[in-house]
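Notes follow the structure.
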Amino acid sequence: MASYPPEQWKAECEAYLTAAGPYQSRCRRYELVERNLRDMGFQAGDLVVDVGAGMCDFARYMYGAGYAFRYLPIDGSISGIDLDSDILVLCNAEWYVCIETVEHMSNPYALMQKMKNYATKGVVVTTPNPAVTDVLALDEDHKVPVTYDEFVMMKFLPEAVSIHYQDDTLLATYQP
């Protein structure tokens, strides 16, 4: 967390999240995550932990689509939690989703391993595809591009999908 007053931290978080673009522009990504959850066995009442939840728009999308599930958002802008922290503690949950977050971390691999360890049904991660996008040039908060091969090494099943242009996003799934 930043080392300045909480009011300033909150204002900076809100400014960053607002700058991410309108909700409607992110719905295509949420649709792909929802489809993968459903295909992997998502059921009513399952707990979804949304790591890097931001303004909780994924929950908005899912509830709007009629899903009945339990939702736990984790985000620095909500609680000040540091997702890069070695002491980050996660809980057992059926599902973890991490939508456009891992590229903002110094060590995304540690977080992905933790999500795998605590997910009882699966994990879905999306990130810009570094094979077609200069991830580090997207904004100053992008730290580490995660590649297709790195997802494979971590036992995820990645696929290149098109959100804004051809194969611009990697969507990776993991099932224990």
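The values are calculated or read from the model by the stated rules, or taken from the named source; none is laboratory data. No experiment lies behind these values; they were computed from the predicted model shown. All Cβ positions, glycine included, derive from the backbone under ideal geometry; neighbour counts span all protein chains shown.
Values computed for the structure shown
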{"read-out": "Only listed residue being more than 20 Å from Ser162 (Cβ to Cβ) and in contact with a strand residue (DSSP E or B) (Cβ under 7 Å, 6 or more places away or on another chain), chosen from Leu83, Leu32, Leu37", "value": "Leu83"}
{"read-out": "Residues of the range 47-79 satisfying the condition of being within 17 Å of Tyr174 (Cβ to Cβ) and either buried (at least 19 other Cβ atoms within 10 Å of the Cβ) or touching a Gly at 6+ places or on another chain (Cβ under 7 Å) (or both)", "value": "Val48, Val49, Asp50, Val51, Gly52"}
{"read-out": "Within the range 63-81, considering residues that are touching a Leu at 6+ places or on another chain (Cβ under 9 Å) and of a type in the set (Val, Ile, Thr), the one modelled with the highest pLDDT", "value": "Ile74"}
{"read-out": "Any hit, the range 93-101, residues being under 16 Å from the mean Cα position of the chain (by Cα), modelled with pLDDT of 95 or more, closer than 19 Å to Pro158 by Cβ and of a type in the set (Asp, Glu)", "value": "yes"}
{"read-out": "Matching residues, the range 50-87, being without any contact (Cβ under 8 Å) to a residue 60 or more places away in the chain and part of a strand (DSSP E or B)", "value": "Asp50, Arg70, Tyr71, Leu72, Pro73, Ile74"}
{"read-out": "Number of positions in the range 86-112 that are aromatic (Phe, Trp, Tyr) and in contact with a Lys or Arg (Cβ under 7 Å, 6 or more places away or on another chain)", "value": "1"}
{"read-out": "Helices (runs of 4 or more DSSP H) enclosed by the range 94-163 - at least 2 residues per element that are hydrophobic (A, V, I, L, M, F, W, C) and free of Cβ contacts under 8 Å to residues at least 12 places away in the same chain", "value": "135-138, 148-153"}
{"read-out": "Top-ranked residue in the range 80-100 [being among the charged types (D, E, K, R) and under 23 Å from Asp141 (Cβ atoms); ranked as surrounded by the fewest Cβ atoms within 10 Å (Cβ to Cβ)]", "value": "Asp86"}
{"read-out": "Residue list for the range 87-105, restricted to those being under 18 Å from Gly54 (Cα atoms) and either in contact with an Asp or Glu (Cβ under 6 Å, 6 or more places away or on another chain) or of a type outside the set (D, E, K, R) (or both)", "value": "Leu88, Leu90, Trp95, Tyr96, Val97, Cys98, Ile99, Thr101, Val102, His104, Met105"}
{"read-out": "Selection count where residues are modelled with pLDDT of 95 or more, of a type in the set (Gly, Ala, Ser) and surrounded by fewer than 12 Cβ atoms within 10 Å (Cβ to Cβ), scope the range 1-46", "value": "2"}
